[in-house]
Structures are given as C-alpha cells and as structure tokens.
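The values are calculated or read from the model by the stated rules, or taken from the named source; none is laboratory data. Treat the numbers as computed from the prediction; the structure is a model and nothing was measured. Glycine also receives a Cβ, built like all others from the backbone with ideal geometry; neighbour counts cover every protein chain displayed.
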Amino acid sequence: MLGEDINDSEGEIKVSFGYQCNGGGDGIPSGAVKGVESRSDIPRNGSFSCLSGAALSANATLANTNICNGLIGSDILPSLDSPNSFRRVLSSPSLSRLDILSSSLQSSMSNLSCSPPSPVGSYETDSYMLKTMSVPTRSDSFLNAVEVQVAGGAAGEDRVQAVCSKENEWLFCAIYDGFNGRDAADFLAGTLYETIMFNFNLLDSESKQYVPSIDSASDESSYSEMEVSSRSFRNGVLDILHRALSQAENDFLYMVEQEMEDRPDLVSVGSCVLVMLLHGNNLYTLNLGDSRAVLATFDEGNDMDQSGRLKAIQLTDSHTVDNELERTRLLSEHPDDSMPVIAGKVKGKLKVTRAFGVGYLKKKKLNDALMGILRVRNLISPPYISTEPSLNVHEISKSDHFVIIGSDGLFDFLSNEEAVKLVHSYISSNPSGDPAKFLVEQLVIKAAHSAGFSKGELLNIPAGRRRKYHDDVTVIVIILGTNHRTSKASTCI
C-alpha cells in the first residue's frame, strides 16, 4: 500500500504550505510551483533549502474560547485557522502580544495572566544570562528580521507555526498537539514564539559582549575562547527555550485557575509541545510529550549523491508510559502512591508523562474543580505530569539530508524508518512535489486499510467520528543544506 498516491478530489488533503530557496539560478524557475511564491532572490548559503507542511483533522473542535480574558480567544490565528490544513502567509509578526509579555518579564506582572514568571532551575547557565539589563531593540537579535515568512494554522486540536528569515538564515517551527480541547494549543500558538523571540533579544545582545577578538590565526587561546563562547551561546539558547516554556505554563495555569469556576473543563486541557529552531549549523529541539523530530542522515563514508543508505535518528524523547525510562521516573517520584499508572495511563487518564497544561494532574485544587468520574481519585502526590522538557542541540553535518517533525498521529502508523524512506523516495522521484503532504497521504492509506475502508471512504467520515481511525496529524519536512539535491527537492505545494 505504501507509495500509492491520493487524488485531491477524493478527500480533504488539499492545502499545505511551502518555503523554497532556489537562488543562484539553479533552482526551479519562478512560477513553476502552483501555490508557492518562488523567491529567486533567496541566498543559498543557509542551513535549509526547503520546508513543506501538511495536516489533517480527525477531532471535531469548538470555536476559539475566551481563555486569557479574551486576548487569545479573539485573535488567535484568525485568518489561518483551517480545520483541514494550514495556509502560508507573508507578514511581519505583530509586537502587540510581545509587548505584553515583555512587560511581564520585566515587572513580574503580566497583563495576560497577572501571574509572576516561575523560576526555572538553570543547568550550567552562564552568568551573563542572569544579569539585569535593559531590553534591546528587535534589531539586536538574530531572530529578528525586516521580512519574515510566517505560516500557521490548525488541524483538529493540533496547532502549528513556521517562521523563517532569509536574511538572517534561521527557521523556527513548532507543533502543539492539543488534547481534551484546543485551549492550551491555542495559548501556545498565540504566545510562545513571541516569548522566545523577546528572550533571544536579551541573549544575543549580551553574548555579543563576550565574543573575543582574534589577532592572529595561530592564536590557539583565542580560538579556544571562541569555542567556549559558542558553547555558551548554545547553552543559552536551550535555556531560553526552557524558560519561555515555563513562563507559558505558569501564565496558562494561572488563567485556568481564574476561569475554572465558569469552565471547569479547562483543568483537563493540555498540549504536547515540539519546538525546532535551526540557526547556522545548529538544530535545537525542545519537546514535551510524544511528538517527534526525526533526522535523516546518510551513513558515514557514503556519498549522498549516489547510493548511500539513509538512517533515521530520533532527535526527541518520547514522554509516554510505554517508555521504560519515563515509567521508571514516574514510579520513583511517587513512592507513596502504589498506582501512579493505571491501565497503561498516568492515573488512568493520560498516556503522556510530560505535557503543557493538564492542571488537574498537577494541582489538587484544579482536580477538585472536576465532578464525578472526571475527578482523579487518590491524587496523593501531585504533580503527576511533568513540564520539564527534553532539550537537544544537533550540529548539522554534510551527511544530514532532511528532518521530519510531526505530531504523534503520524507515528501511530509510520515508524521513523518508514517515514524517512518514504520522504527520500518521494523527493528523489518528484522534484516539484510536497513531501509532507505525501506523508499524510500515506498515513491515510494505511489507516483506511487498517479499518477496512477505501481512502475515499475514510476521508468522507466527518471529523470527530474519524478519530476512531486516526488522530489529528501535522507534519513538516525540512530539507537541510545547500548541496542536498536542492534543485530537485526545493519546492512544495
């Protein structure tokens, strides 16, 4: 069944977004790709040459709510919110919510939540990260740019963002896989990127003061200092991702507490989080839950332009009770609770062991807001769900070909190796195609076959009922480097 194509007329897999880098005259000509604005002026010296994305709903969702006193409910991705997939737009990001978050970080009083930032335990954080400083302008940070490409949207309870800058050569992607409702994923989509961007201003401004000058190419001590500075910067980036997530969690749970009398369901709403930042040759990842980032790389010593074998490397951890390390951690953290895992789920409720939100498994008073069978019995030693993310930085090599990031709905049906093999085969034979959309199509084929349906029959089942057969699915494929067949794999529908 794998490799079969889906006709667009048979289902709703019709919309995805793409960003193509085809400068230097050797890319696909302008106008060659339907639905994607060709950017021939984009330089070819970045670390990625293309990204494509696609998504498919399985869950039925309600309209946006008034979480955060209406600030998030009224304008979260208003023109992008598509239950079938997500669209590509060109814009410069608004600073309205960034200004709110900036004042929160400086005054410890947020207009979004009126809650103070929660401290995050620092792990080998450099002293410059902790200094009091004035807020730099947007132009101070490598994450800022005069012109950026922004894409975002929704599929069921999944939310997705992609932001990239051609001039500063960075790419930010995030998938928020919501559950028990869409409020947590909406909150993340509306605040996390701008919180991260604000914090990067601080890091970049300070780190510039610590870059040593090099008077001689033979000055080994200077090179050593530069390596230390580079390592410190990478640690600072990871720390910023960590702190931004902690701030978002603190703000969200505070708002849940304020509104749970009117909406007690908010205490059970949560989201997995997967953030990927590509800057220079460094690929940073942060994750909570079971979304994945999978790197496709050629075996060492093989020529990628010939028959070298691709292997799949998972860059993120799977935070579920099926992961023996996570299960052991959970049991050890609750020695007085004989049943932290019930029927293969944390307290019988969640398969994931780390997640954003889901306050009723973290605070007793939030659990008490629930009635009857919804309330967790014997909540002996909360929190049972951790908000401590897994963080990783990978230095991209010439052997690295592409990265797949996706919500767990993709990996319910495809292994890491299958997904990598499908993408590689597809971009080799379809130079003008969309590998992310192709992966979603292959998932639909497998899900339909498993349920005994044709693919058309499965796609005709309305969202909500179709959740019996597959989860919401969001996929982004990033083609790395400038020498990885970019003329054949630099376009997306």
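Miscellaneous remarks
- Residue, nearest to T353 (Cα to Cα), within segment 260-290, restricted to residues that are touching a helix residue (DSSP H, G or I) at 6+ places or on another chain (Cβ under 6 Å) and assigned to a helix (DSSP H, G or I): S268
- K446 meets all of the listed conditions (1) over 21 Å from G178 (Cα atoms); (2) at pLDDT below 95 but one, namely (2).
- When residues in segment 343-370 are screened for being surrounded by fewer than 14 Cβ atoms within 10 Å (Cβ to Cβ) and in contact (Cβ under 8 Å) with a residue 40 or more places away in the chain, 1 of them pass.
- Complete set of residues in segment 255-286 that are more than 14 Å from A369 (Cα to Cα) and of a type outside the set (A, V, I, L, M, F, W, C): G270, S271, H279, G280, N281, N282, Y284, T285
- Failed item in (1) out of contact with any helix residue (DSSP H, G or I) (no Cβ under 8 Å at 6 or more places or on another chain); (2) surrounded by fewer than 18 Cβ atoms within 10 Å (Cβ to Cβ), with I405 passing the rest: (2)
- Of the criteria (1) under 28 Å from G270 (Cβ atoms); (2) in contact (Cβ under 8 Å) with a residue 12 or more places away in the chain, which one I373 fails: (2)
- Out of L245, L253, sole residue that is assigned to a helix (DSSP H, G or I), within 14 Å of M276 (Cα to Cα) and modelled with pLDDT of 85 or more: L245
- Taking every residue in segment 242-253 that is closer than 12 Å to F187 by Cα and pairing it with any residue that is among the charged types (D, E, K, R), at least 6 positions away or on another chain, the pairs with Cβ-Cβ distances below 9 Å are F252/D183; L253/K362; L253/K363.
- Each residue in segment 394-431 was checked for being part of a loop (DSSP other than H, G, I, E, B) and touching a Cys at 6+ places or on another chain (Cβ under 9 Å), and 1 pass.
- Count of segment 169-190 residues, restricted to those that are modelled with pLDDT of 90 or more and either among the hydroxyl-bearing types (S, T, Y) or in a strand (DSSP E or B) (or both), is 9.
- Residue check, F356 out of contact with any Gly (no Cβ under 9 Å at 6 or more places or on another chain), farther than 20 Å from I479 by Cβ and not aliphatic (A, V, I, L, M): no
- All conditions but one from (1) closer than 28 Å to L51 by Cβ; (2) buried (at least 20 other Cβ atoms within 10 Å of the Cβ); (3) among the β-branched types (V, I, T) apply to I396; the one that does not is (2).
- In this structure, L330 qualifies as in contact with a strand residue (DSSP E or B) (Cβ under 7 Å, 6 or more places away or on another chain) and without any contact (Cβ under 8 Å) to a residue 60 or more places away in the chain.
- Any hit, segment 274-282, residues being touching a Leu at 6+ places or on another chain (Cβ under 9 Å), at pLDDT 95 or above, closer than 22 Å to K351 by Cα and surrounded by 22 or more Cβ atoms within 10 Å (Cβ to Cβ): yes
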